[in-house]
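The values are calculated or read from the model by the stated rules, or taken from the named source; none is laboratory data. Quantities reported herein were computed from a predicted structural model and do not represent experimental measurements. Cβ sites come from the backbone with ideal geometry, for glycine too, and all protein chains shown count toward neighbours.
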Amino acid sequence: MPPDLLRGEGRPFRIGHRGAAALAPENTLAAFEAAIDAGVDGVEFDVVATVDGLEVAHALGAPDAPALDEALEFFAQHDVTVHVDLKGTGREKELVDALRRHDLGDRALVSSFRARSLLALARLAPELPRAFTYPEDRLGLSRRRPFAFAIRSGLSTMRALLPRRIVAMMTRAGASAATLHHQLVTRRAVEVCHAHGAAVWAWTVNDRATAADLETLGVDAIITDDPRIFRGRLSE
């Protein structure tokens, strides 16, 4: 059975971002192991397409990027949800075949900001959970301080409009979940998604106060570079 993406009555799922990017080099086996050692429920990592196949990296040219098969072989030995963030289009069949080859289809989630990729995955593996990522931040501008004010202004407008749009966006992409920038999450957006049976996973949350606020808003999963934020007062 596919993983349950909704938290139900429990706490939000704890997902390591790019493994545990604050604890080890991102998108590496060391980062995956660090996340698991920190007690996460699942691990998110990026996948890009190269001429030689699929590899684990946020962008082409990353040094020492492991091949997708190497990463999936690692996860086949660890009982966590595997969250694949697919960065390109056109190689969806390779991804599905790899997940099946390592017998991970029953605990995998694939996310993308490209509806085309998600629809292709729906045709190839309708049983595979798919999440629509919003908004696209291909250059990582949300982490660059000089752009922070302009980005916050844009996110404020998106946040106000999102509850009216999110279900249609997921429907067009054939998605059963939304992976949202944490600054877009509101109680109303979560309620709208839940009313349609769709989960909300929030990224990328790196401080305890924000994680606690999102838990109160009802998100189903919190994605973080540093799983240590979950220690202590956040609900167990």
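Numbers below:
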{"read-out": "Residue in segment 134-142 that is farther than 13 Å from V47 by Cβ, surrounded by 19 or more Cβ atoms within 10 Å (Cβ to Cβ), modelled with pLDDT of 95 or more and not aliphatic (A, V, I, L, M) present", "value": "yes"}
{"read-out": "Within segment 118-131, considering residues that are in contact with a helix residue (DSSP H, G or I) (Cβ under 6 Å, 6 or more places away or on another chain) and assigned to a helix (DSSP H, G or I), the one nearest to G174 (Cα to Cα)", "value": "L118"}
{"read-out": "Neighbours by Cβ (under 7 Å, 6+ apart or cross-chain): first from segment 202-221, farther than 16 Å from V43 by Cβ; second of a type in the set (G, A, S) and surrounded by fewer than 17 Cβ atoms within 10 Å (Cβ to Cβ)", "value": "E215/S235"}
{"read-out": "Candidates H194, H181, filtered to the one that is under 15 Å from the mean Cα position of the chain (by Cα), surrounded by fewer than 23 Cβ atoms within 10 Å (Cβ to Cβ) and within 21 Å of A108 (Cα to Cα)", "value": "H181"}
{"read-out": "Candidates D46, D106 - the one that is out of contact with any Ser or Thr (no Cβ under 6 Å at 6 or more places or on another chain), among the charged types (D, E, K, R) and part of a helix (DSSP H, G or I)", "value": "D106"}
{"read-out": "Subset of segment 197-211 (residues that are part of a helix (DSSP H, G or I), crowded, with 16+ Cβ neighbours inside 10 Å and of a type outside the set (S, T, Y))", "value": "R208, A211"}
{"read-out": "Every residue from segment 31-52 that is over 14 Å from P227 (Cα atoms) and surrounded by fewer than 18 Cβ atoms within 10 Å (Cβ to Cβ)", "value": "T50, V51, D52"}
{"read-out": "Residue list for segment 88-115, filter: closer than 22 Å to R14 by Cα and either small (G, A, S) or in contact with an Asp or Glu (Cβ under 7 Å, 6 or more places away or on another chain) (or both)", "value": "G105, A108, S111, S112, F113"}
